[in-house]
Each structure stands twice: as C-alpha cells, then as structure tokens.
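> Below you'll find the structure I mean.
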Amino acid sequence: MSDSHQYQFQEIEAKWQQKWAENNLYSVSDNSEKPKYYVLDMFPYPSGAGLHVGHPLGYIASDIVARYKRLSGYNVLHPMGYDAFGLPAEQYAIQTGQHPAVTTEANIKRFREQLDKIGFSFDWNRQVKTCDPQYYKWTQWIFGLFFEHWYDKSQQKARPIKELTAHFEVHGNQNLNAHHNCKEIFSAETWNSLSGEAKEHLLNHFRLAFIDETTVNWCAELGTVLANEEVVNGVSERGGYPVVRKKMKQWSLRITAYADRLLEGLNRVDWTDSIKEIQRNWIGRSEGAEIDFQIQNHTQLVRVFTTRPDTLFGATYMVLAPETSYLLDICSPEQRDAVSKYAEIAKNKSEIERMADTQKTGVFTGAFAINPFTQEAIPVWTSDYVLAGYGTGAIMAVPAHDERDFEFATKFELPITAVIQPKDTAIELPLKEALSSKDGICFNSGFLNGLTVKEAINKAIEEVENRGIGTRKVNYKLREAGFGRQRYWGEPFPIVYNNGTPQLLDELPVELPKVESYKPTGTGESPLAALSEWVQHPKGKRETDTMPGWAGSSWYFLRYIDPNNENVFAGSKSLEYWKQVDLYVGGSEHATGHLLYSRFWTKFLHDLGYISWDEPFQKLVNQGMIMGEDGQKMSKRWGNVVNPDDVCAQYGADTLRLYEMFLGPLEDSKPWNTNGIEGVSRFLGKFWRLFYEGEQWAVTNEAPSPEELKILHKTIKKVSEDIPQMSFNTSVSAFMVCVNELTSLKCKKQAVLEPLLVLMAPFAPHISEELWSRLGHSDSIHTAVWPKYDEANLKEDSFSYPISINGKTRTQIAFATDADPKEIESAILENEIVLKWTEGKTPKKVIVVKNRIVNVVV
RNA sequence: GCUCGGGUGGCGGAAUAGGUAGACGCGCAGGACUUAAAAUCCUGUUCACAGUAAUGUGAGUACGGGUUCGAUUCCCGUCCCGAGCACCA
C-alpha cells in the first residue's frame with residue numbers, strides 16, 4: 001500500500017477493515033472491570049433484495065454510540081445477527097425450488113458482505129441466526145417453560161404447573177387466583193378421580209403455552225392458512241383468491257396474564273411517547289363493571305361489561321353479539337328464525353366485511369331484560385356491532401351517551417333517555433347526537449342524581465356489588481398471542497401428542513427435517529404433516545405446526561450475551577454482567593409485535609429467576625425511513641433503490657456514514673439526495689488536507705494558540721453533548737465548522753488535530769484510523785481515550801451585544817463579558833445609532849441580559 | 001372520528017429553562033488557478049422595495065389572536081401534512 005498524500009478511501013477502508021478483523025478489535029469479553037454498555041440493533045431479516053441505504057441508518061447511529069462509549073471507557077456489547085426464519089424465504093423456496101436453508105444462507109452471506117463494507121464495530125463472534133438448531137434449541141426450551149408454567153395473579157408471577165396440580169389435589173380449582181380460561185369449577189375429589197387425559201384437558205386452560213381455538217385466514221384456492229399481512233382487502237395477496245375465517249386449534253401464549261405488568265413497565269423505560277402510546281392502546285385496559293341482567297320469563301342472565309355504570313338509568317335496550325351461545329334460547333318463537341338467519345350471516349362475514357359495513361344492522365330477539373336500576377323491561381337485540389371477543393360479548397345500550405348505541409337506536413327507533421347533563425351545554429330534545437362526554441352531572445338517575453360521572457361510576461358499582469348483581473372489572477383489548485403457523489420454515493414444536501394429550505419432548509433441539517416439497521398440503525396443515533415417518537415419534541404423534549416469526553426474535557438479545565453456551569440459553573454470570581439492553585435502535589413498525597413480545601418473554605424469564613431485570617430495552621430509539629429521491633419508499637418497484645455498495649465504491653464508507661447522519665434527525669423520515677453526498681465527500685477531503693501542505697505531510701509540534709484551542713474545545717463540547725442525545729446531524733456540521741475554521745487558520749498542529757481525530761473516529765472510523773497511524777501511533781485509534789473539553793479554553797473576553805430598540809436589532813456593541821449591566825446601559829444610551837432610533841426621547845426601560853442582549857424600550 | 005407527532009429560504013435542515021431566525025450542507029450566481037477540464041479555493045445567496053455601490057427601509061418561522069421589554073419557542077382558535085388506532089361498550 002502506498003503512502004499517498006491523497007485521500008484514497010478505497011485502499012484505506014479495505015486495509016483497516018481487514019486489520020480490524022484480523023486483530024479481533026471489536027471482540028468483547030464478559031470479564032471486565034469497566035462499566036458495561038449494551039447497544040443493540042434490531043437484527044435484519046435476510047431478504048434476497050439485500051440492503052439499501054435506508055437499512056444501515058440505524059446501524060450507523062448505534063455504531064457511533066458503541067464506538068463513543070468504548071472511547072469513553074465502557075466495555076461495549078454491540079452484536080449483530082439474523083432473524084432468519086420466516087415466510088418470504090419459504091415463498092421464495094416454493095417459487096424457485098431451492099431449499100429455504102440454502103437461499104437464507106446465501107442471503108446472509110450477501111448481507112454480511114454489505115455490512116462489512118460500511119465498517120461497523122460488531123462483535124461477529126457473537127452472531128446469532130434464529131434458524132440455527134443451536135439457537136432454536138433454546139427457543140424451543142423457552143416454549144417448554146411457558147408450557148410448564150401458569151400465572152398466579154396473587155403473587156403476580158408465573159409458577160410451575162406442579163404447584164398448580166398440588167393445589168388441585170387439595171382444593172380443586174377453588175381458592176385459586178390464577179389467570180386462566182377454564183369455565184368449569186371442580187373439587188379436589190373430582191380432580192383426583194380424573195384420567196390423565198382429562199386432567200391435561202383442564203390444565204390446558206392454565207398453561208402459559210396452551211392450545212386455543214383461534215380464527216385463521218383460510219384460503220381454499222392456495223390450500224393454506226395465511227398470515228394477516230398476506231391478506232389484503234379480504235383476498236390473498238398472492239393470486240387474489242378469496243380468504244375466509246376459519247376456527248382452528250393452535251398453540252397460543254397467554255400474554256394477557258401480563259397485561260397489567262406490560263402497561264406498568266412502560267412507565268419505567270425511556271421510549272418515545274408514540275411507541276408507548278401505541279402499546280397502551282394495543283393492550284387497551286379499561287376499568288368498569290360486569291353486571292347481570294335478568295331476562296323476563298327466563299332463567300338466563302345476560303352479563304354485560306360497561307365502563308359507564310353511571311349511565312345505567314339510561315340503558316334502554318341490550319345487544320348480544322350474534323355469536324352468543326344462548327342467543328337462540330332466549331328468543332321468542334316468532335323471532336327465532338330471523339335471529340338465527342342474522343346470526344348465520346354475521347358469522348360468515350369476514351372481519352374486513354364487518355369493518356366495511358358502516359351501517360348498523362340487527363334483529364330483535366323478542367326477549368326483554370329488566371334494567372336493575374329502573375326495573376323497566378328493555379328489549380334485547382342482537383347485532384354485529386357488538387363484538388363477541390371483547391368483554392362478555394353483550395352490552396347494555398345507552399343511546400343518549402354512546403355514539404354507536406345512538407346510531408343503532410335511531411335506526412331502529414328505540415327509546416333514548418338522557419341521564420347525564422353535560423357541563424356547559426343545555427340538552428335539546430330530541431338529541432341530535434350522543435352526549436358521550438364524561439364531563440357532566442347525573443339526572444333522571446334516582447340515587448345517582450347530582451353526582452359527577454366519576455363519583456357516580458363508583459357509587460353505581462358499589463350498589464351493584466351490594467345487590468350481588470355485578471362486580472368491578474377490568475377488561476383488555478389485548479388478545480392471546482397465536483403461536484402456531486402451518487408452515488415449514490420455522491422452529492418445530494418440541495411436542496408430541498398421546499391420545500391428543502400434548503407432551504413436552506426434552507431432547508432438544510427438535511430439528512427441522514428436510515422436505516422435498518414446501519408446498520402447502522391443501523388441508524391447511526403444515527408441510528411437515530406430509531412427512532409420515534417424521535410425524536411418528538416413539539412417544540407419540542408430533543406437532544406439525546411451526547413457531548411464528550416472532551418466536552426467535554423475542555429473546556435473541558439474551559443469546560448475544562452468551563451465544564455459544566451449550567448448557568443454558570445464557571450463563572447467569574454473563575447475564576448478570578451485561579443485563580438489559582441499554583440502547584435499542586430499530587424501526588417503529590415493531591411497536592405491537594416484536595417489542596411487546598420481547599417484553600412479555602423478558603418478564604416471564606424474570607419470574608422464573610433466570611434474569612434479574614424485567615424490561616429488555618431501557619432506551620429505545622426509532623430511526624426514520626430514508627425515501628428515494630422521488631420521495632417514495634425505496635423499493636425495486638419504483639426503481640429508486642440506492643445500494644450502499646455503490647455509494648461505498650464511489651465515495652467510501654466514511655462518506656456514506658457521515659452523510660446518512662447529516663441528512664437530518666435520526667428519527668425523521670427524509671429523502672436521499674445524491675447531490676448532497678458530494679458536500680460530505682468534499683468535507684472529508686478538506687479534513688484530510690488539514691494534515692498536508694501540498695504533497696507534504698505537514699503536521700507540527702507547535703503549541704496551539706488560544707484561538708485554535710477554542711475551536712477544538714468548542715467542538716469537543718458540542719460532539720460530546722450531541723452523541724448521547726443521538727443528535728448526529730449537528731455533530732457533523734460541528735465537524736465541518738471546525739475543519740473550516742482550522743483550514744482558514746492554517747492550523748497543522750498535532751495538539752489540535754489529534755484530539756479532533758478521536759472525535760471523528762466514531763463517525764468516520766477508517767479515515768481517522770489512517771491519519772492516526774500516519775501521526776505515528778501503532779495502537780488503533782478505536783482504543784484511544786475520548787478528549788475532555790476544558791471550559792477555560794472557551795472563555796471569551798468580550799461579548800458583542802445585539803442592541804435592539806423596541807425589540808428590533810439595530811446594531812451591535814462589544815463589552816467585556818464581566819461588564820456591569822449599569823455600565824452597559826449608560827454606554828449604549830450614548831451610542832449614535834441608539835440615539836438615532838430613540839429620536840431624542842427618553843427610554844422607558846432598558847433591559848440588559850448579561851452576555852445575551854440589550855433591549856431599549858422607547 | 002379519536003390519539004400522538006409536525007408545518008422555518010429553491011432543497012435537506014440549525015436555533016426552543018423566551019433573547020441577533022436561517023448554523024452546516026446542497027443548489028444557484030459570480031470570480032481565482034488552468035491552454036482547457038477535473039479537483040481546489042474565494043465571494044454572494046430569506047423575500048420585497050430603493051440605490052451604480054457600500055448600504056438603507058420594511059416584511060418574515062402554516063394562518064388568526066393573546067401573554068411579554070422581547071415569541072420559531074409559551075397560551076387559545078383555524079388550516080394543512082404524517083403516523084397510530086378504528087364499532088373494544
């Protein structure tokens with residue numbers, strides 16, 4: 001390699017990338033006296049398309065932080081890996097006839113080449129791949145833990161199933177505060193007399209990994225079950241075939257047990273408000289009451305959930321979801337046919353169709369319920385605007401104070417009774433819209449009259465509880481997490497069935513068998529079901545579903561901590577050293593998926609004592625998207641993809657890194673601009689030339705002037721403040737200002753340039769390393785020490801005050817920085833420009849803000 | 001419809017415990033070096049009006065109000081853009 005006086009980035013970058021790898025520069029040890037820092041990127045799904053310039057945006061940001069932290073004396077864990085199981089690989093396999101393992105491996109290789117060119121400081125010794133049996137062995141093991149635990153609501157933690165069966169043997173399922181979906185009540189005697197099969201059937205309702213009846217998207221034409229993202233507008237994304245909803249038994253994880261803790265934990269993490277808000281909405285906690293209504297001339301009770309028990313006096317009818325099991329039982333003979341027909345149609349409607357129907361529909365059941373507060377008989381209807389899956393699947397309708405009920409009541413001419421007087425508006429009858437505000441006073445409401453909504457809610461619940469017709473109740477929108485996919489390219493379940501009873505396999509990993517065809521079976525089962533030899537296990541019939549894409553990604557951040565451990569998912573010593581992720585960088589599209597599931601798994605593993613913390617990611621930053629130059633999303637389809645390889649070849653990795661940071665705030669979406677990169681490229685050239693005079697290396701040992709020190713320390717201060725705030729665009733401009741100023745001073749002094757190199761090292765690691773070595777260092781710059789700024793160098797003797805008259809700046813006058821405000825005041829009042837503007841009038845007031853501004857009020 | 005962000009030059013964007021709006025870069029215009037080009041460097045660049053010019057005056061951070069000596073920053077209202085949720089009782 002030549003020691004050219006020119007900035008030959010291609011040679012320089014290739015040389016250092018190779019040296020860093022040879023020296024294992026970024027490999028990190030778990031044994032260190034230094035404080036730890038764990039900075040993580042969301043690992044990529046290795047698609048066939050490779051990376052475009054939008055992908056590395058977050059990686060560059062986190063790499064800067066990782067390098068900055070290392071220079072600041074931290075032991076930094078900064079790993080990378082691949083989320084390698086998933087649908088696209090499987091689809092690609094079906095299309096091309098190549099095994100997904102083969103295409104995935106090829107894609108990973110390509111990703112790695114692209115990543116390597118950008119000069120990241122990943123510790124590749126810790127790489128994980130979710131499709132690697134040595135990795136998914138532990139994914140299966142954690143699934144097994146979920147299977148073998150239940151949730152104790154009193155202790156607010158997961159406990160072993162053994163402790164649950166011990167309780168059953170003594171008390172049945174009474175005196176138990178478990179999170180479950182068991183509808184039966186049984187005694188110890190009953191439990192003890194049950195067969196193993198029957199016991200298992202009951203236990204399924206308590207296990208944290210359990211078999212649930214869920215609705216799936218079934219596409220008959222494709223002969224397969226589709227994921228939600230594969231269904232667009234009610235038809236399959238591929239082919240456009242009709243998709244229907246079908247009930248199916250599959251594995252689920254009981255995430256709802258953790259709903260409250262998932263909410264509470266959000267208050268303890270440093271995430272954006274928007275992501276926290278999305279998760280809160282998704283969990284959807286609402287407080288209210290469950291209340292039983294009696295049906296006239298019938299023994300059936302209708303239990304409803306309401307958040308507004310204060311409006312009970314205004315409940316003028318009821319609505320049951322069409323799926324309600326006892327719907328036909330309460331119907332009057334005349335109405336039964338109509339109700340049954342309506343329920344049938346509603347059941348076959350897809351979610352999309354239901355949403356598309358903005359008009360309310362419904363049928364009267366012929367039954368009447370008694371409003372427990374007014375004692376009036378109110379009609380019971382059925383309508384699909386009441387969702388079977390939420391609350392009790394039945395509501396008391398208060399049309400005066402609920403928009404949906406109002407719409408329905410208006411359409412079917414049901415009575416509307418107002419019971420809340422809104423705070424500032426008079427009620428005009430008949431109502432033109434529902435008065436849904438919670439700001440008001442009860443009237444027409446018996447014992448609730450005169451109370452505020454908030455007071456009345458509590459009083460009504462107390463009354464309902466006293467009468468024994470209801471209880472206080474909290475509901476969640478959050479659903480159990482479906483955990484089965486009828487696909488090939490995923491983790492097999494470590495489960496076999498014996499007479500339908502699931503049993504955990506303990507020889508892990510259960511390896512994914514090779515198959516001839518990954519095509520759908522046509523029956524809706526996974527392609528694994530066609531492998532009759534594999535399915536027959538000595539202990540029973542294997543589960544043929546595989547785990548969803550999010551299984552492996554729900555805990556990968558723990559495996560990086562101890563990636564090669566063969567005895568446990570990660571050793572406790574290493575876990576205790578690295579603990580939770582300090583900084584996590586990735587896209588916001590994972591708000592309700594990966595980020596929620598990871599929190600759930602972390603809390604579960606915490607309950608079991610494997611880890612001491614219960615939130616996986618302390619700080620979360622969502623990088624924005626980089627759009628194409630046309631302002632559209634970067635994609636093959638628009639032909640606007642910019643490949644980082646090309647940018648590296650033309651301008652170098654350091655320019656790419658700097659430019660991506662310079663584009664704007666990390667979190668914002670912004671368009672790529674090919675012209676703009678020239679400016680950054682020029683800047684690096686100018687930076688390089690700071691060390692040269694023509695073709696001659698020109699760095700001197702002269703002592704720096706105060707002015708030069710000021711420039712340097714100003715930059716140290718700015719960059720040291722910017723990096724922790726992830727404000728990288730302003731750091732880059734600070735570097736530009738610094739280099740511009742040093743260039744005009746012709747400063748070639750090592751005492752100034754050397755610290756500047758260290759400041760630049762996290763942003764532009766190659767050029768900094770090269771110049772550092774040309775300064776004569778044999779150690780890597782990336783093991784140097786971050787410079788500290790000295791306030792003494794930033795001191796100014798004088799400040800040029802902007803002088804404004806009535807708030808408008810008219811001139812500037814310099815005063816000593818320690819000048820007395822009174823001196824300044826009398827001095828400026830004699831200034832000719834000030835005199836010109838005051839026009840001889842006496843100023844009413846003169847405001848002097850020290851070292852900021854002077855304002856003269858006339 | 002509801003919730004959360006956000007509207008600053010031709011463009012990407014700086015500056016908010018209220019204190020010189022437009023840093024830095026792109027683009028554009030002019031110039032230096034060169035036979036020429038590339039590279040590099042220098043000067044100017046919010047808008048309008050006046051002036052040959054230095055410069056001066058006025059307006060200006062989506063729009064309309066308010067608080068303040070002073071508002072891009074704080075408060076109220078309106079409009080627009082983006083993201084999320086969407087019959088969740």
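The values are calculated or read from the model by the stated rules, or taken from the named source; none is laboratory data. Values in this document were obtained by computation on a predicted structure and should not be read as measured data. Because the Cβ atoms are built from the backbone with ideal geometry, glycine has one as well, and the counts that use them run over all protein chains shown. Please note that ligands, DNA and RNA were not included when accessible areas were found on the heavy atoms of the full protein model with its side chains. Shrake-Rupley method; radii C 1.70, N 1.55, O 1.52, S 1.80 Å.
> Can you give me the Cα centroid spacing of segment A:816-858 and segment A:659-729 in angstrom?
If you average the Cα positions of each part, the centres end up 38 Å apart.
> For A:D337 and A:Q18, what does the FRET efficiency come to when R0 = 51 Å and r is the distance between their Cβ atoms, rounded to the nearest 0.05?
Working: r = 80 Å, r/R0 = 1.57.
That gives a FRET efficiency of 0.05.
> Compute, for A:E791, the solvent-accessible surface of its heavy atoms (probe 1.4 Å) with the complete set of protein chains present, and express it in square angstrom to the nearest 10.
100 Å²
> For segment A:92-144 and segment A:771-808, what is the centre-to-centre distance using only Cα atoms, to the nearest Å?
Each part's Cα centre sits 44 Å from the other's.
> How much FRET efficiency would the formula 1/(1 + (r/R0)^6) give for A:E465 and A:Q421, where r is the Cβ-Cβ distance and R0 is 35 Å, rounded to 0.05?
Values: r = 26 Å, r/R0 = 0.74.
So the FRET efficiency works out to roughly 0.85.
> Keeping all protein chains in place, calculate the accessible area per residue for segment A:675-793 (probe 1.4 angstrom), answer in Å². Numbers along the way, then the final one.
On the way: 5030 Å² over 119 residues.
With all protein chains present, segment A:675-793 gives 42 Å² per residue.
> Considering every pair of different Cα atoms, what Kirkwood radius, in Å, is found for chain A?
In chain A this quantity evaluates to 32.3 Å.
> When the dipole is taken about the Cα centre of chain A, and only Lys, Arg (+1) and Asp, Glu (-1) are charged at their Cβ, what size is it in debye, to the nearest 20? Can you show the working numbers first?
Numbers: 92 positive and 111 negative charges, 101 e Å.
Here the size comes out at about 480 debye.
> In segment A:270-327, which chymotrypsin sites (Phe, Trp or Tyr not before Pro) fall in coil by DSSP and have 16 or fewer other Cβ atoms within 10 Å? Don't jump to the answer; show the numbers that get you there.
Numbers: sites: A:W271, A:W282, A:F293, A:F305, A:F313, A:Y317, A:Y326; in loops: A:W271, A:Y326.
Answer by residue number: A:Y326.
> Past 21 Å, Cα to Cα: identify those pairs from A:K69/A:K109; A:K137/A:K539; A:K714/A:K749, in the order given. It would help to have the intermediate numbers written out before the result.
Working: A:K69/A:K109 29 Å; A:K137/A:K539 19 Å; A:K714/A:K749 17 Å.
Table pairs above 21 Å Cα-Cα are A:K69/A:K109.
> Between A:K199 and A:K746, 0.36 nm times their residue separation minus their Cα-Cα distance comes to what?
Numbers: separation 547, 0.36 × 547 = 196.92 nm, distance 8.43 nm.
Residue separation times 0.36 nm, minus the Cα-Cα distance, leaves 188.5 nm.
> Using per-residue counts of other Cβ atoms within 10 Å, averaged over each peptide, order A:92-99, A:619-626, A:59-66 from highest down. Numbers along the way, then the final one.
Numbers: A:92-99: 14.8, A:619-626: 20.2, A:59-66: 25.4.
Result, highest mean Cβ count within 10 Å first: A:59-66, A:619-626, A:92-99.
> Output the peptides A:681-694, A:815-828 sorted from most to least packed, where packing is the average of other Cβ atoms within 10 Å over each peptide's residues.
Numbers: A:681-694: 17.1, A:815-828: 14.2.
Listed from highest to lowest mean packing, they are A:681-694, A:815-828.
> Please report the spacing between the Cα centers of segment A:292-346 and segment A:508-577 in Å, no decimals.
The two parts, judged by their Cα centres, are 45 Å apart.
> If I model a spin label at A:D116 and A:K438 as a point 7 Å from the Cα along the Cα→Cβ vector, what separation in nanometres do I get?
5.8 nm
> Considering only protein heavy atoms, what is the solvent-accessible area of A:E566 at a probe of 1.4 Å, reported in Å² to the nearest 10?
My reading of the accessible area for A:E566 is about 130 Å².
> Hey, another quick one. May I ask which of A:K249/A:K477; A:K249/A:K276; A:K636/A:K686; A:K157/A:K477; A:K619/A:K788 have a Cα-Cα span longer than 29 Å here? Present the calculation step by step, with values, prior to reporting the outcome.
Numbers: A:K249/A:K477 21 Å; A:K249/A:K276 32 Å; A:K636/A:K686 36 Å; A:K157/A:K477 21 Å; A:K619/A:K788 25 Å.
Correct reply: A:K249/A:K276; A:K636/A:K686.
> Next question. Accessible area of chain A with a 1.4 Å probe: how many percent of it is carbon plus sulfur?
Working: 18990 of 39450 Å².
The C+S portion of the solvent-accessible surface of chain A is 48 percent.
> Just how much of A:S553 is accessible, in Å², when a 1.4 Å probe is used and the result is rounded to the nearest 10?
10 Å²
> Among the aspartates and glutamates, which have Cα under 12 Å from the Cα of A:K247 when same-chain residues fewer than 8 positions away are ignored?
Straight-distance partners of A:K247: A:D212, A:E213.
> Further question: With +1 on each Lys and Arg Cβ and -1 on each Asp and Glu Cβ, and nothing else charged, work out how big the dipole of segment A:675-793 is about its Cα centre, in Debye to the nearest 20. Before the final figure, lay out the partial values.
On the way: 12 positive and 15 negative charges, 38 e Å.
Charge dipole of segment A:675-793: 180 debye, to the nearest 20.
> Ordered by packing density, taken as the mean number of other Cβ atoms within 10 Å over each peptide's residues, highest first, how do A:513-524, A:766-777 rank? Walk me through the numbers on the way to the answer.
Numbers: A:513-524: 14.2, A:766-777: 19.8.
The packing order, highest mean first, is A:766-777, A:513-524.
> Counting only heavy atoms of the protein chains, get the accessible area per residue of segment A:26-140 (1.4 Å probe) and round it to a whole Å² value. Can you show the working numbers first?
Numbers: 3760 Å² over 115 residues.
On a per-residue basis, 33 Å².
> Next up: Hey, what's segment A:335-467 come to in accessible area per residue, 1.4 Å probe, Å²?
Values: 7280 Å² over 133 residues.
Dividing the accessible area of segment A:335-467 by its residue count gives 55 Å².
> Run the dipole for segment A:664-713 about the Cα centre, Lys and Arg Cβ at +1, Asp and Glu Cβ at -1, nothing else charged, and hand back the magnitude in debye, nearest 20. Kindly include the intermediate steps, with their values, before the conclusion.
Details: 5 positive and 8 negative charges, 29 e Å.
The calculation lands at about 140 debye.
> What FRET efficiency do you get for A:I853 and A:A827 if R0 is 22 Å and r is their Cβ-Cβ distance, rounded to the nearest 0.05?
On the way: r = 15 Å, r/R0 = 0.68.
Result of the calculation: an efficiency of 0.90.
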